[in-house]
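The values are calculated or read from the model by the stated rules, or taken from the named source; none is laboratory data. As the structure is a prediction and not an experimental result, all values here were calculated from the model. Glycine also receives a Cβ, built like all others from the backbone with ideal geometry; neighbour counts cover every protein chain displayed.
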Amino acid sequence: MTLYARRKQIYPQLVSGRFRTIKWAVLAATLGVYYLLPFLRWDRGPDAPDQAVLADFAGGRFYIFGLEIWPQEVFYITGLLILAAVGLFLVTALFGRVWCGYLCPQTIWTDLFIVVERLFEGDRNARIRRDKAPWSFDKVWRKIAKHAVWLLVSFLTGGAFILYWHDARDLTQTYFSGHAPMTAYVFAALLTATTYALAGTMREQLCTYMCPWPRIQAALVDRNTVAVTYRSDRGEPRGAHKKGESWVGRGDCIDCKQCVVVCPMGIDIRNGPQLECIQCSLCIDACNAVMKKVGRPKGLIAYDTDDNVVRRSMKQRPAPFQPFRSRTVLYAVVFALTGGLMAFGLATRSDLDLSVSKDRALPYLELASGDVRNVYTIKVANKQRAVRDLALKVEGIVGAQIEIVGESDAAAPGHITPAPDGVDRYRLLVTVPAASLGATSAPISILLFDGGRPAASATTQFQGPEH
Amino acid sequence: MTDPSPEIDSHSGVETTGQEWDGIKELNNPLPRWWLFIFWASILVAVAYWILMPAWPALPGFQGNTTGILGQSDRVRVAADMSVLKAGRTALSARLTATDAASVLSDHELSQQVMALGDSAFGDNCATCHGAGGGGASGYPRLADDIWLWGGALQDIERTIRYGIRAEHADTRTSEMPAFGRDAFLTATQIDDLVQFVISASGRKADAGAVVRARPVFEQNCASCHGFDAHGDRSKGAPNLTDGEWLYGGDPGAIRRTIVGPRNGVMPAWGGRLDPATVRALAIYVHSLGGGE
């Protein structure tokens, strides 16, 4: 076994068929969303950005259409990551490496880069021939043009990425006049470089050597997982086939190697399941076309389970697909629970947060009058885009007097008016007659009312002298 | 090592390093090209960094480190950042100093800014002695309660912060308690009696005979500042001796030490160190700690 394999250049051949069509559609849809989403507008009023999807780091907000995520709600992003991970587990347990084959950015951009490559250098055979040929003007300009367009696509990729972090219309103007923030240039350059390197030159090496996902997926699939499979029971013994020859006593595989030449990973699917295989199913398209030509049924390479491969080799009937297995049910339940919790959280999400912290420097203060005072710092996060008039009340101890520092509107004592879309801080002085303090420490509630209706509340302790 | 023809591993066809450890030979596989590329690129980046940025200390011809042709300097950058910060605060500072301390709080925007500014300025400048949140410590008055040596109204607090106490400023608050013991104004017996008197004044059990003996001594020596009823005098910063709150401790030994040789603690005049807006914000913040008047 060698530790280091010199890379063999792969020249995937263009194939057409059902799965190639699906993959073109997925490519168009995902790239379309990626490049155009930053330009989608969403009206949030005059004081807020009108970009539908925007991670506004400077302003500390994450906008997704009608949703505004505050920094303290970043757990929603964590939930989204959990959903993505468990969703990936579920899909992989059911259908194998669908993510790798159809949706992974590495696959999408590699596909896009091969389209460019094909445009300038032709399909597989032309590319091989030209690469072997000595340098000529024809070869040089085609290579230069290819790399130039690759760089352009890479720049658009990196450029679109930064639009998610800053107003897209503003940034597309300031970027080229040199007035955009330094981070915009750095990240655009970084993403341009990685896109060019990963999709242009590294390609399948990323999946084989760098990506951890192929290793993890080996633990996620089982013998009932549907995956791109060569049906060796039907294909073997393989061999060349002349028109009119009998198919008796031999397999359907005519060893035409079409499955190999279309493979973007440069492997032979007939060797069985392999770490390198991203299950893009282009070999299915290639083989189906050949089978049609030689007059044999389709599906020599098809989506199938390991279990069925074994059954067929033992001359048993293939089993129907089993979507309900312990692991898929477990993944689905975790997915539904996480999704449900997030949906519940979002549905009951309050636009007013109240947090109270008791001053600890002095647990309590005995005033000259004998009353006992506790001081709290309260923070009110007003997530509405309007000033709110809130009444603050303290419950739990009879005769508690309050004084709010940071808002002493004589006209409306006990009222606070937190500014729109921000966090305001107040100091709350609660004074209690010594007589009504039964124990050393008593729980109190701090309540906010908006137009008479309870809007937010928090509980804390009121401390007094030891008896 | 001196073997001119490298040994080729028969299994893999790759040449070996020619070394052998416990029967194990290492294949001399080439490094991946991309790895090698990154390796050389990192070296180039390092060299470029030396030229562009401050990098080498104490090279001949330089005072200190090399400065790099980009002229990047963290000191300059911090100074620029600070001046930007200052410029951004000018409007707030101007409004804050123009507004009467008592009416700052009825301006919502101003009061919010003051809360934040006061909190951070207190942490930076005051908490070292007065404790986080103004909890106080022995010799450093507690600011979170309603006992004030020099007054607890907004303007009193602001004046104390600006000019300090026994500080080097013409308008500073001054008053000194004499060293009754050290300078031999009183005898040891008189001081012992006074200790009992002060203990009894704060409502604790004391030697009744000593209290009676001490009364004329107190009225003659102490009452001019602490008052005949021992309630103190804020205009002189003389503490109230009856409230059970002690700056340097209330046990007989501590009281005795104070009478023998008082500390007369000093608070710096912050007016020279902090701008007027910060002093005002601090006054409002300290006032809000719990016992402002």
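Going residue by residue through the range B:166-176, is there one that turns out to be aliphatic (A, V, I, L, M), surrounded by 15 or more Cβ atoms within 10 Å (Cβ to Cβ) and over 26 Å from A:Arg427 (Cβ atoms)? For the range B:166-176, residues aliphatic (A, V, I, L, M), surrounded by 15 or more Cβ atoms within 10 Å (Cβ to Cβ) and over 26 Å from A:Arg427 (Cβ atoms): present.
Exactly one residue among B:Gly249, B:Gly291 is in contact with a strand residue (DSSP E or B) (Cβ under 7 Å, 6 or more places away or on another chain), in a loop (DSSP other than H, G, I, E, B) and in contact (Cβ under 8 Å) with a residue 60 or more places away in the chain, and that residue is B:Gly291.
Of the residues contained in the range A:78-101, none is found to be part of a loop (DSSP other than H, G, I, E, B), of a type in the set (A, V, I, L, M, F, W, C) and either touching a strand residue (DSSP E or B) at 6+ places or on another chain (Cβ under 7 Å) or outside the structural domain of A:Glu276 (by TED's automatic domain parsing) (or both). Restricting A:Gly239, A:Gly251, A:Gly299, A:Gly339 to those that are touching an Asp or Glu at 6+ places or on another chain (Cβ under 7 Å), farther than 30 Å from A:Arg7 by Cα and not aromatic (Phe, Trp, Tyr) reduces the list to A:Gly251. A residue that is among the small types (Gly, Ala, Ser) and farther than 30 Å from B:Thr90 by Cβ cannot be found anywhere in the range B:269-282. The residues listed here are A:Tyr11, A:Tyr34, A:Tyr63; of these, the one that is part of a loop (DSSP other than H, G, I, E, B) and at pLDDT 90 or above is A:Tyr11.
Applying the set (1) without any contact (Cβ under 8 Å) to a residue 40 or more places away in the chain; (2) surrounded by 14 or more Cβ atoms within 10 Å (Cβ to Cβ) to A:Ser177 leaves exactly one unmet item: (2).
The condition (being over 30 Å from A:Gly464 (Cα atoms) and within 12 Å of chain A (Cβ to nearest Cβ)) is satisfied by just one residue among B:Gln63, B:Gln113: B:Gln113. Looking only at residues in the range A:102-124 that are assigned to a loop (DSSP other than H, G, I, E, B) and in contact (Cβ under 8 Å) with a residue 40 or more places away in the chain, the one that is surrounded by the most Cβ atoms within 10 Å (Cβ to Cβ) is A:Cys104. Name the residues in the range A:202-242 that are of a type in the set (D, E, K, R), in contact (Cβ under 8 Å) with a residue 12 or more places away in the chain and assigned to a loop (DSSP other than H, G, I, E, B), would you? Within the range A:202-242, A:Arg203, A:Asp222, A:Arg223, A:Arg231, A:Glu236, A:Arg238 meet the criteria. Restricting attention to the range A:323-368 and to residues that are closer than 24 Å to A:Leu447 by Cβ and part of a helix (DSSP H, G or I), the residue that is farthest from the other protein chains (Cβ to nearest Cβ) turns out to be A:Phe344. The set of residues in the range B:1-58 that are small (Gly, Ala, Ser), surrounded by 12 or more Cβ atoms within 10 Å (Cβ to Cβ) and either in contact with a helix residue (DSSP H, G or I) (Cβ under 7 Å, 6 or more places away or on another chain) or within 14 Å of another protein chain (Cβ to nearest Cβ) (or both) comprises B:Ser12, B:Ala55. Evaluated against (1) assigned to a loop (DSSP other than H, G, I, E, B); (2) within 14 Å of another protein chain (Cβ to nearest Cβ); (3) more than 30 Å from A:Ile77 (Cα to Cα), A:Val375 falls short on exactly one condition, (1).
Would the range B:142-164 turn up any residue that is within 10 Å of chain A (Cβ to nearest Cβ) and acidic (Asp, Glu)? Looking for residues that are within 10 Å of chain A (Cβ to nearest Cβ) and acidic (Asp, Glu), one finds at least one in the range B:142-164, hence yes. When the residues of the range B:128-141 are filtered to those that are within 11 Å of chain A (Cβ to nearest Cβ) and in contact (Cβ under 8 Å) with a residue 24 or more places away in the chain, the one that is surrounded by the most Cβ atoms within 10 Å (Cβ to Cβ) is B:Gly134. The set of residues in the range A:256-299 that are of a type in the set (Lys, Arg) and touching a helix residue (DSSP H, G or I) at 6+ places or on another chain (Cβ under 8 Å) comprises A:Arg270, A:Lys298.
Cβ-Cβ contacts under 7 Å between residues 6 or more apart (or on different chains), taken from a first residue in the range B:13-37 that is farther than 16 Å from A:Tyr209 by Cα and free of Cβ contacts under 8 Å to residues at least 24 places away in the same chain to a second residue that is surrounded by 14 or more Cβ atoms within 10 Å (Cβ to Cβ) and small (Gly, Ala, Ser), are listed as B:Leu27/B:Ser12. Determine, yes or no, whether A:Gln274 is closer than 23 Å to A:Thr92 by Cβ, surrounded by 18 or more Cβ atoms within 10 Å (Cβ to Cβ) and of a type in the set (S, T, N, Q). Spelling it out, it is not the case that A:Gln274 is closer than 23 Å to A:Thr92 by Cβ, surrounded by 18 or more Cβ atoms within 10 Å (Cβ to Cβ) and of a type in the set (S, T, N, Q).
Can A:Gly340 be described as closer than 19 Å to A:Ile77 by Cα and surrounded by 11 or more Cβ atoms within 10 Å (Cβ to Cβ)? Spelling it out, it is not the case that A:Gly340 is closer than 19 Å to A:Ile77 by Cα and surrounded by 11 or more Cβ atoms within 10 Å (Cβ to Cβ). Of the residues examined, A:Thr92 is one that is farther than 30 Å from A:Ala184 by Cβ and away from chain B (no Cβ under 14 Å). For A:Gly399, state whether it is within 14 Å of chain B (Cβ to nearest Cβ), surrounded by fewer than 19 Cβ atoms within 10 Å (Cβ to Cβ) and of a type in the set (Gly, Ala, Ser). Taking the combined requirement at face value, the residue does not satisfy it. Against the test of being of a type in the set (Ser, Thr, Tyr), part of a helix (DSSP H, G or I) and within 11 Å of chain A (Cβ to nearest Cβ), the options B:Ser120, B:Ser93, B:Ser103 yield a single qualifying residue, B:Ser103. Scanning the range A:207-222 for residues that are modelled with pLDDT of 90 or more and farther than 19 Å from A:Ala84 by Cα returns a single hit, A:Cys207. Residues in the range B:64-80 that are exposed (fewer than 10 other Cβ atoms within 10 Å of the Cβ) and more than 21 Å from B:Ala48 (Cα to Cα): B:Arg75 alone.
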